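Engineer: Take a look at the following structure, please.
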Amino acid sequence: MGYQSGQKTIFITGGASGLGREVGRYFADKGWFVGIADVNEKGMTETASLLPEGQSSVHRLDVTDRAQWKQAVSAFGEVTGGNMHVLFNNAGIGEGGPIQEMTDEAIDRMIAINLTGVISGTRACFEMLKSTPDSCVLYTASAAGIYGVADLSVYSATKFAVRGLAESHDIEFRKYGIKSRSLMPGFIDTNIISEVVEGTNQSGKERLEAAGVMVSPVSIIGPAAWQAVHGDKVHTPVKKMAKQLAFAARWMPGRVRKQSVSLASNLGDVLAGEEDNKR
């Protein structure tokens, strides 16, 4: 079948798994054409197989490589006639631990993917978004971008920065007819927290839940992304945990600080690994 004239389009980074895959499935079910971008070619093929036949395109993309951004966006535009209604600027990694114990390479890589890669994506897609009526950049921020998290300081910093991009671009892009929005999920049940934490017999999900942290199913992300794209709010906290944190960080910061102290060790252990769609 392929792309149909007049069909809405979404380009998703980190589309091989997790949040990106789920948003692709949800939007495809709504009749949208989905561009799946990732470094994981096997995962992209799996995502495409879950969508209606002919309703997606696959683009290998390392978000840290600006030349690859240009190639992927150009290829997507050739398929869609130059239309991009939504850029889901989603690719990201997470790694935890005390900042003095992290390697320089891990810190540089997280910043390169979670922040510089996101900026490069918006820049690469800008002209196509500008030429598409009622377009939107949807950023994946995080509840960790609402209040800083111990042992996740670099990750939190990148998500605060992404939150700032969404707010800045909400104003900056208005004159071009481009909306800017962010998703702010808490912990989502993706591969990273399903794995057993090194040195324990518990999965990351089990450790988080034992510490009182709510872990939400990945299925909540599709409707949240749809709401964010079609709603008026710049930020969309996803599910109860993120909504409560956003409220408490504004009105009860002392309480948030106290709770964060008790959770710090569990969060750092869980994020000792990384995944292209972990939030």
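Engineer: Restricting to the range 40-68, count the residues that are surrounded by 19 or more Cβ atoms within 10 Å (Cβ to Cβ) and over 23 Å from residue 7 (Cα atoms). It would help to see each step written out before you state the result.
Structural biologist: Let us first name the residues in the range 40-68 that are surrounded by 19 or more Cβ atoms within 10 Å (Cβ to Cβ), namely 43-44, 47-48, 51, 55-59, 61, 63.
Applying the additional criterion that residues be over 23 Å from residue 7 (Cα atoms) yields 43, 61, 63.
Total satisfying the criteria: 3.
Here's the yes/no breakdown for (1) in contact with a strand residue (DSSP E or B) (Cβ under 7 Å, 6 or more places away or on another chain); (2) more than 17 Å from residue 36 (Cα to Cα):
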| residue | (1), (2) |
| --- | --- |
| 68 | no, no |
| 76 | yes, no |
| 85 | yes, no |
| 91 | yes, no |
| 101 | no, yes |
| 106 | no, yes |
| 112 | no, yes |
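Engineer: Residues to consider are 150, 144; find the one that is among the small types (Gly, Ala, Ser), in contact with a Leu (Cβ under 8 Å, 6 or more places away or on another chain), surrounded by 19 or more Cβ atoms within 10 Å (Cβ to Cβ) and over 24 Å from residue 68 (Cα atoms). Write out each step before concluding.
Structural biologist: On the way: 150 fails: surrounded by 19 or more Cβ atoms within 10 Å (Cβ to Cβ).
From the options 150, 144, the qualifying one is 144.
Engineer: Restricting to the range 169-185, and then to whatever is within 18 Å of the chain's Cα centre (by Cα) and part of a helix (DSSP H, G or I), can you tell me which residue is surrounded by the fewest Cβ atoms within 10 Å (Cβ to Cβ)?
Structural biologist: Let us first name the residues in the range 169-185 that are within 18 Å of the chain's Cα centre (by Cα), namely 169-170, 179-185.
Adding the requirement that they be part of a helix (DSSP H, G or I) leaves 169-170.
On the way: 169: 21, 170: 18.
Step by step, filter the range 169-185, then rank; the result is 170.
Engineer: Restricting to the range 154-193, give me the number of residues that are more than 17 Å from residue 238 (Cα to Cα), among the polar types (S, T, N, Q) and at pLDDT below 90.
Structural biologist: So the answer is 1.
Engineer: Hey, another quick one. For residues in the range 35-91 being among the basic types (Lys, Arg) and touching a helix residue (DSSP H, G or I) at 6+ places or on another chain (Cβ under 7 Å), which is nearest to residue 226 (Cα to Cα)? Steps first, please.
Structural biologist: First, the residues of the range 35-91 that are among the basic types (Lys, Arg): 42, 60, 66, 70.
After this cut, where a residue has to be touching a helix residue (DSSP H, G or I) at 6+ places or on another chain (Cβ under 7 Å) as well, the list is 60, 66, 70.
Values: 60: 25, 66: 28, 70: 26 Å.
Within the range 35-91, the match that is nearest to residue 226 (Cα to Cα) is 60.
Engineer: Name the residues in the range 72-93 that are assigned to a helix (DSSP H, G or I) and either over 25 Å from residue 1 (Cβ atoms) or in contact (Cβ under 8 Å) with a residue 12 or more places away in the chain (or both), would you? Walk me through it before giving the result.
Structural biologist: To start, the set of residues in the range 72-93 that are assigned to a helix (DSSP H, G or I) comprises 72-80.
If the condition is that a residue be assigned to a helix (DSSP H, G or I) and either over 25 Å from residue 1 (Cβ atoms) or in contact (Cβ under 8 Å) with a residue 12 or more places away in the chain (or both), then 72, 73, 75, 76, 77, 79, 80 are the ones that fit.
Engineer: Right, next: Only residues that are of a type in the set (Gly, Ala, Ser), assigned to a loop (DSSP other than H, G, I, E, B) and either within 23 Å of residue 70 (Cβ to Cβ) or under 20 Å from the mean Cα position of the chain (by Cα) (or both): list them for the range 3-37, please. Reasoning before the result, please.
Structural biologist: Going residue by residue through the range 3-37, those that are of a type in the set (Gly, Ala, Ser) are 5-6, 14-18, 20, 24, 28, 31, 35, 37.
Keeping just the survivors that are assigned to a loop (DSSP other than H, G, I, E, B) gives 5-6, 14-17, 31.
Hits for the range 3-37 are 14, 15, 16, 17.
Engineer: To continue, here is another question. Which of the residues that make up the range 1-39 are hydrophobic (A, V, I, L, M, F, W, C), surrounded by fewer than 24 Cβ atoms within 10 Å (Cβ to Cβ) and under 18 Å from residue 135 (Cα atoms)? If you could, list the steps in order and put the result at the bottom.
Structural biologist: Keep residues of the range 1-39 that are hydrophobic (A, V, I, L, M, F, W, C), which gives 1, 10-12, 16, 19, 23, 27-28, 32-34, 36-37, 39.
Adding the requirement that they be surrounded by fewer than 24 Cβ atoms within 10 Å (Cβ to Cβ) leaves 1, 28, 32, 39.
Within the range 1-39, 28, 32 meet the criteria.
Engineer: So, one more: Has the range 94-115 got any residue that is part of a loop (DSSP other than H, G, I, E, B), modelled with pLDDT of 95 or more, among the polar types (S, T, N, Q) and crowded, with 16+ Cβ neighbours inside 10 Å?
Structural biologist: No, because not a single residue in the range 94-115 is part of a loop (DSSP other than H, G, I, E, B), modelled with pLDDT of 95 or more, among the polar types (S, T, N, Q) and crowded, with 16+ Cβ neighbours inside 10 Å.
Engineer: Residue by residue through the range 124-147, note down the ones that are farther than 21 Å from residue 232 by Cβ and assigned to a loop (DSSP other than H, G, I, E, B).
Structural biologist: Those that are farther than 21 Å from residue 232 by Cβ and assigned to a loop (DSSP other than H, G, I, E, B): 131, 142, 147.
Engineer: When the range 69-93 is examined, which residues are found to be β-branched (Val, Ile, Thr) and surrounded by fewer than 20 Cβ atoms within 10 Å (Cβ to Cβ)?
Structural biologist: In the first step, residues of the range 69-93 are kept if they are β-branched (Val, Ile, Thr); the result is 73, 79-80, 86, 93.
Matches in the range 69-93: 79 only.
Engineer: What pairs come up if the first residue lies in the range 137-155 and is in contact (Cβ under 8 Å) with a residue 40 or more places away in the chain and within 17 Å of residue 182 (Cβ to Cβ), the second is charged (D, E, K, R) and assigned to a loop (DSSP other than H, G, I, E, B), and their beta carbons are under 6 Å apart, counting only those six or more places apart or on different chains?
Structural biologist: That search, which allows pairs on different chains as well, returns 142/279.
The values are calculated or read from the model by the stated rules, or taken from the named source; none is laboratory data. It should be emphasised that the depicted structure is a prediction, and the values quoted were computed from it without experimental measurement. When we count neighbours, we look across all protein chains shown, and the Cβ atoms used for this are built from the backbone with ideal geometry, even at glycine.
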